[in-house]
Amino acid sequence: QQNKDSDVRSLLSKAMALAPSKPEPRLALIRYLTNRKDLKGALSAASDAVRALPGNADALSMAGQLQIGLGQKKEAIATFKRLVALQPRSTRPQIMLANALFVSGDRAGAAGVLNAAATLEPSSGDVCAAQINLMFAQGDADGAVNKAKAYQTANPGAAADILLADTLV
């Protein structure tokens with residue numbers, strides 16, 4: 001807030017040097033650069049973080065999101081595939097991979113990944129919402145509404161009601 005960019009970078013560099021195996025300073029630098037709209041710098045920092053901490057899901061996620069933001073679709077897909085391999089039982093990385101596949105034009109691949117995610121966690125509202133969004137993007141409004149209604153029937157409650165309402169809007 002005081003526009004002391006060099007001080008921020010210096011402090012984060014010191015923190016990374018003092019704790020090279022800790023993700024927090026690296027992730028803070030990525031967030032800082034992203035907030036300053038320095039996406040190329042943020043991607044460089046994220047790539048450094050992934051090299052230093054190859055098993056860190058947050059670094060991989062940030063790197064993939066920045067790659068998408070910079071139009072590096074193939075690289076983002078590869079990054080999200082690594083994230084899925086790192087967390088094979090989590091649906092969040094699969095949703096990110098599906099989004100990257102969709103952005104790159106691979107709608108069938110995106111649908112396949114989302115179907116696999118739905119198999120892992122059938123009651124996930126996030127997975128269902130991603131499937132609905134993909135259906136809308138493909139022009140299948142009726143399929144999207146039917147999917148939301150089926151989700152509401154299988155998972156009664158406020159979250160399912162909201163998902164259906166959002167779909168109908």
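Please work out, to two decimal places, the log10 of the ratio I(q)/I(0) at q = 0.20, 0.22, 0.23 Å⁻¹ from a Debye calculation in which every Cα of the stretch 87-139 carries one identical scatterer.
Debye curve over Cα of the stretch 87-139, log10 I(q)/I(0) at q = 0.20, 0.22, 0.23 Å⁻¹: -0.58, -0.70, -0.76.
On the protein heavy atoms, probe 1.4 angstrom, tell me the percent of accessible surface of the stretch 1-104 carried by carbon and sulfur.
Carbon and sulfur: 53 percent of the exposed surface of the stretch 1-104.
Can you tell me which lysines have their Cα less than 26 Å from the Cα of residue 22? Leave out same-chain residues fewer than eight positions away.
Here the lysines satisfying the reach criterion relative to residue 22 are 4, 14, 37, 40, 81.
Looking at the stretch 36-144, which trypsin sites (Lys or Arg not before Pro) are DSSP coil and have at most 15 other C-beta atoms within 10 Å of their C-beta?
Passing both the DSSP loop test and the Cβ count: 36, 37, 89.
Net charge near residue 99, counting Lys/Arg +1 and Asp/Glu -1 over other residues with Cβ under 12 Å of its Cβ?
+1
Magnitude of the Cβ-charge dipole of the chain, K/R +1 and D/E -1, about the Cα centre, nearest 20 debye?
640
Which one, 17, 110, 29, projects farthest toward the positive side of the charge dipole computed for the chain from Cβ point charges (K/R +1, D/E -1)?
17
Charges only on Cβ, +1 for Lys and Arg, -1 for Asp and Glu: so what's the dipole of the stretch 94-169 about the Cα centre, in debye to the nearest 20?
The calculated dipole for the stretch 94-169 is roughly 80 debye.
Can you tell me the length gained on complete extension of the stretch residue 121 to residue 103, counting 0.36 nm per residue apart and subtracting the Cα distance?
Result for the pair: 4.1 nm of gain on full extension.
Could you tell me how far the Cα centroid of the stretch 13-43 sits from the Cα centroid of the stretch 99-169, in Å?
So the separation of the two Cα centres works out to 34 Å.
Could you order 10, 124 by accessible surface area, starting with the largest, using a probe radius of 1.4 Å?
So the residues, ranked largest to smallest area, are 10, 124.
Which option, (i) 11.4; (ii) 20.8; (iii) 12.7, is the value of mean projected area of the Cα convex hull in nm² that was calculated from these coordinates?
Among (i) 11.4; (ii) 20.8; (iii) 12.7, the one derived from this structure is (i).
Just tell me which aspartates and glutamates come within less than 18 Å, Cα to Cα, of residue 74; anything on the same chain fewer than 8 places away is out.
106
How high is the FRET efficiency from residue 5 to residue 57, r the C-beta distance, R0 22 Å, rounded to 0.05?
0.20
Starting at 0 and stepping by 10 Å, how many percent of the alpha carbon pairs of the stretch 1-97 end up in each bin?
Once binned at 10 Å, the Cα pair distances of the stretch 1-97 give 17, 46, 29, 8, 0.
Report the gain in length on full extension from residue 153 to residue 39: 0.36 nm times residue separation, minus Cα-Cα distance, nm rounded to one decimal.
Net length gain for the segment: 36.8 nm.
Can you send over the solvent-accessible area of residue 92, 1.4 Å probe, protein chains only, in Å² to the nearest 10?
Taking all protein chains as shown, residue 92 has close to 120 Å².
Roughly speaking, what is the stretch gain from residue 15 to residue 162, that is 0.36 nm per residue apart minus the C-alpha to C-alpha distance, in nm to one decimal?
Stretched out fully, the residue 15 to residue 162 stretch lengthens by 48.6 nm.
Report the rotationally averaged projected area of the stretch 81-169 based on its alpha-carbon convex hull, in square nanometres. Provide the component values of the computation, followed by the final result.
Working: hull surface 21.5 nm².
Result: 5.4 nm².
The values are calculated or read from the model by the stated rules, or taken from the named source; none is laboratory data. Given the structure is predicted, the values throughout are model-derived calculations rather than measurements. All Cβ positions, glycine included, derive from the backbone under ideal geometry; neighbour counts span all protein chains shown. For the accessible areas, the whole protein counts, side chains as well, though only heavy atoms, and no ligand, DNA or RNA atoms are used. Shrake-Rupley method; radii C 1.70, N 1.55, O 1.52, S 1.80 Å.
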